[in-house]
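The values are calculated or read from the model by the stated rules, or taken from the named source; none is laboratory data. Bear in mind that the values here come from a model prediction, so they are computed numbers and not experimental data. Positions of Cβ are backbone-derived with ideal geometry, glycine not excepted, and every protein chain shown enters the neighbour counts. Heavy atoms of the whole protein, side chains included, go into the accessibility calculation; ligands, DNA and RNA do not. Shrake-Rupley method; radii C 1.70, N 1.55, O 1.52, S 1.80 Å.
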Amino acid sequence: MEARVKWVEDLSFIGESSSGHQVVMDGNSGDKAPSPMELLLVAAGGCSGIDVVSILQKGRHQVTDCEVKLTSKRREEAPRLFTDINLHFIVSGKDLSDKIVERAVQLSAEKYCSVSLMLGKAANITHSFEIKESE
C-alpha cells in the first residue's frame, strides 16, 4: 500500500491513496478540513463499522443500519497522542440479540479491525453498543 500527501497552502494538505481517492487535511485545528488526528479517529470507526456490518451480514442477520460514535481523550502535552477511545455502535435491524451484536463487536475489536488494533498499542480502546429494532 502506498499513499501521497501534498502541501496545498497554509497547513492544508491533500492526501491521495493508492486507489486514487483524495482527502483534504488541515493542521489548523480542523479549520478548513479534518485534522490528521480526526481522520485517524474516523478511520477507526470506519474500519470497525465495516467489520461489524460484514460479520452480521455473513451470519445472515438482518442489519439495516450501523453508526459508530467515537469519543476520545488526548494527552495535553506533545505529542498529543490518544489516551482513551470509545467506539459506541448503534446497530439497527430485525431480531438482533445482544449476544449476536456483542460477538460482532468483539471480533472486530480483537481480530479484524487493523486500525483499532494498531491504535490499541498506544491508547486504551473500549467498545459499547446498543440495538435498535427496525420495522
* Asked: Has the range 33-52 got at least one residue that is open to solvent by less than 30 Å² (accessible area, probe 1.4 Å) and not in a helix (DSSP H, G or I)?
  -> yes
* Asked: Can you name every residue in the range 118-135 that is closer than 16 Å to Thr71 by Cα and without any contact (Cβ under 8 Å) to a residue 12 or more places away in the chain?
  -> Gly120
* Here are some conditions: (1) assigned to a helix (DSSP H, G or I); (2) open to solvent by 40 Å² or more (accessible area, probe 1.4 Å); (3) over 20 Å from Thr126 (Cβ atoms). Asp65 meets all but one. Which one does it not meet? -> (1)
* Single unsatisfied condition, Leu87 versus (1) assigned to a helix (DSSP H, G or I); (2) open to solvent by less than 40 Å² (accessible area, probe 1.4 Å) -> (1)
* Give me the pairs, please: first residue somewhere in the range 49-64 and under 23 Å from Ser114 (Cα atoms), second residue anywhere and open to solvent by less than 90 Å² (accessible area, probe 1.4 Å) and modelled with pLDDT under 95, beta-carbon distance under 9 Å, and either six or more positions apart or on two chains. => Val63/Ser134
* Quick one: is Ser97 of a type in the set (S, T, N, Q), open to solvent by less than 30 Å² (accessible area, probe 1.4 Å), closer than 29 Å to Glu130 by Cα and assigned by the TED database to the domain that holds Lys111? -> no
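So is Glu102 more than 20 Å from Arg74 (Cβ to Cβ), out of contact with any helix residue (DSSP H, G or I) (no Cβ under 9 Å at 6 or more places or on another chain), modelled with pLDDT of 95 or more and not hydroxyl-bearing (Ser, Thr, Tyr) or not?
yes
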* Tell me which residues, restricted to the range 13-32, are part of a strand (DSSP E or B) and either open to solvent by 30 Å² or more (accessible area, probe 1.4 Å) or in contact with a helix residue (DSSP H, G or I) (Cβ under 6 Å, 6 or more places away or on another chain) (or both). => Phe13, Ile14, Glu16, Ser17, Gln22, Val23, Val24, Met25
* To do: Answer yes or no as to whether Ser92 is within 14 Å of Ile131 (Cβ to Cβ) and assigned to a strand (DSSP E or B).
  => yes
* Close pairs (9 angstrom Cβ cut-off, 6 or more residues apart or separate chains): in the same structural domain as Glu67 (by the TED database) and in a helix (DSSP H, G or I) in the range 102-117, charged (D, E, K, R) and open to solvent by 100 Å² or more (accessible area, probe 1.4 Å) anywhere -> Leu117/Glu110; Leu117/Lys111
